[in-house]
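No value in this document is a laboratory result; all are computed from the given coordinates. Just so you know, these numbers come straight off a predicted model, no measurement behind them. Glycine also receives a Cβ, built like all others from the backbone with ideal geometry; neighbour counts cover every protein chain displayed.
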Amino acid sequence: DAGITQSPRHKVTETGTPVTLRCHQTENHRYMYWYRQDPGHGLRLIHYSYGVKDTDKGEVSDGYSVSRSKTEDFLLTLESATSSQTSVYFCAIGQGSDISYGYTFGSGTRLTVV
Amino acid sequence: GENVEQHPSTLSVQEGDSAVIKCTYSDSASNYFPWYKQELGKGPQLIIDIRSNVGEKKDQRIAVTLNKTAKHFSLHITETQPEDSAVYFCASRGSTLGRLYFGRGTQLTVWP
């Protein structure tokens, strides 16, 4: 999607290893979000950021951490990957709480933990 | 926080028929309701949205209606085509830092 890039697109990793997913935006949006998508669960919020170094937990944050040192980058780290973290991860960007705009989503990262 | 429920979870229609997906929300302060379409292997994409001061909005074959009193909103697709086949998500903007809360999605299949 224009203005938002996720990397890598696919990754296979072993149980117990740390993994970092990257979200990069060129839209200068203040808000960034990490979701995971699993069959039957829809989109579940992991963590979000409302500014540089300002982050907060979502509904399924256990086992995940995030960092945002620059406006354009939002990193999601699986501290010690487990098979339950096999999922498709989506990053999204938003313009803010006072503006009625939806999010723009990235193309996703398919992560497999073996 | 906000709770968004979406029904049905799967929907199959014949090409040319209409499709309706319904969502309810719990936070009376919610003021913005977007709909997303997700094609296989891609991220969700915004297709239409409605603000709380509007009851209905149309864009070609797609329309969204909002009933604030009942706290529900619906997506209507008319004259469905096979390319409408996708997963559709509704969402509601609650009062927590402008977050969107998503329904669990509806897999729409349009048969030729």
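Numerical summary
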item: Between region A:5-45 and region B:59-112, the alpha-carbon center distance in angstrom; result: 23 Å
item: Whether region B:52-112 is rounded, prolate or oblate, judged on the alpha carbon gyration tensor where a/c under 1.5 counts as rounded; result: oblate
item: Average Cα contact separation per residue, region B:59-103, under 8 Å, 6 or more apart, as relative contact order %; result: 24 percent
item: Candidate lysines - alpha carbon under 22 Å from A:Lys70, same-chain residues fewer than 8 apart omitted; result: A:Lys53, A:Lys57
item: Hits among aspartates and glutamates - C-alpha to C-alpha of B:Lys42 under 15 Å, sequence gap 8 or more where chains match; result: A:Asp1, A:Asp38, B:Glu83, B:Asp84
item: Two-decimal log10 I(q)/I(0) for the protein assembly as shown, as the Debye equation yields it once each C-alpha is a single scatterer, q = 0.12, 0.16 Å⁻¹; result: -0.65, -1.10
item: Region B:25-88: proportion of alpha-carbon pairs further apart than 17 angstrom, %; result: 44 percent
item: Magnitude of the charge dipole, the protein assembly as shown, Cβ model with Lys/Arg +1 and Asp/Glu -1, debye to 20; result: 300 debye
item: Computed over chain B: relative contact order in percent, which uses C-alpha pairs under 8 Å that are six or more apart; result: 37 percent
item: Cα shape, chain B, gyration tensor, a/c 1.5 rule; result: prolate
item: Lys, Arg +1 and Asp, Glu -1 on Cβ, resulting dipole of chain A about Cα centre, debye, nearest 20; result: 200 debye
